[in-house]
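Chemist: Mind having a look at this structure? Questions to follow.
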Amino acid sequence: MNEQIKTAIWLVYVPILVWSVLLICYMIWLSNKYTFGKWDQDKNKNPYCDETLGMPRGTMRGLLTLTVLFVAIVLEVFTLQYEKHEANTHEFIVAFQMVLAFYFGSQIMGQVTSAEKSRTESMGNSMVAAEKAKNAPAAGGEVSAEKAEG
């Protein structure tokens, strides 16, 4: 077998295989603990029964994210050692970068829109308060000058 193929197997496939085995073992442990654990319907109810596979919220999303990150790092380390194989992994790395950009971009936009919403609400509330103060009768039962003219 070619020396580069052996190196590729040890740098790419073996770490991914080990990660997959560890991930499967962790999923089995989580399933035994949360999904198939000793839960009652009354007193000792699983607090995560409405979530995916009865596991804590974000567990599956986190595992998928860590797996994609691990694969990206392994492929990047491989391409650093063997630059001529960069074309083979380029599409995966670009897709990974796009997913990261989309995620962080959506997080920023969520923060911007919530800040804009609160600012707009406070401006609206102050405008309503100013309008109420303007239209309210003056102290002592007198009508304001603007209402008297109208």
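Chemist: Mind listing the phi-derived Karplus ³J(HN,Hα) values for the range 116-132, rounded to whole Hz, using 6.51, -1.76 and 1.60 with θ = phi - 60°, and x for any glycine or proline?
Modeler: Per residue, the Karplus-derived 3J(HN,Hα) values read 5, 5, 5, 5, 5, 5, 5, 5, x, 5, 5, 5, 5, 5, 5, 5, 5 Hz.
Chemist: Among 52, 89, 67, which one shows the highest mean-square fluctuation when the chain is modelled as a Gaussian network with alpha-carbon springs under 10 Å?
Modeler: Fluctuation is largest for 52.
Chemist: Could I ask something else about it? About the Cα centre of the chain, what is the dipole size in debye to 20, counting +1 per Lys and Arg Cβ and -1 per Asp and Glu Cβ, all else neutral? Display every interim value, and only then the final one.
Modeler: Numbers: 13 positive and 15 negative charges, 105 e Å.
Its charge dipole is roughly 500 debye.
Chemist: Any number yet on Rg/Rh for the chain, C-alpha, Kirkwood?
Modeler: Details: Rg = 29.9 Å, Rh = 21.9 Å.
Looking at the chain, the ratio lands at 1.37.
Chemist: I would also like to ask the following. Which order do 30, 100 fall in if you start with the one that has the fewest other Cβ atoms within 10 Å? Mind showing how you got there, number by number?
Modeler: On the way: 30 18, 100 14.
Ranked by crowding around the Cβ, least crowded first: 100, 30.
Chemist: Pick out which of 116, 83, 91 has the largest mean-square fluctuation in a Gaussian network model of the chain, springs linking Cα atoms closer than 10 Å.
Modeler: Result for the chain, Cα springs under 10 Å: 116 fluctuates most.
Chemist: Step by step: find N for the range 3-85, compute 2.2 N^0.38 Å, then divide the Cα radius of gyration by it. What's the final number?
Modeler: Numbers: Rg = 18.3 Å, N = 83, 2.2 N^0.38 = 11.8 Å.
Here the Cα radius of gyration is 1.55 times the empirical estimate.
Chemist: Further, regarding this structure: Ranked highest first by the average count of other Cβ atoms within 10 Å around their residues, in what order do 54-65, 18-29 fall? Show your work: numbers first, answer last.
Modeler: Details: 54-65: 13.9, 18-29: 11.8.
Ranked from most to least packed, the peptides come out as 54-65, 18-29.
FYI, it's all coordinate maths here, none of it is from the lab. Values in this document were obtained by computation on a predicted structure and should not be read as measured data. Reconstructed Cβ throughout: ideal geometry from the backbone, glycine too, with neighbour counts over all protein chains shown.
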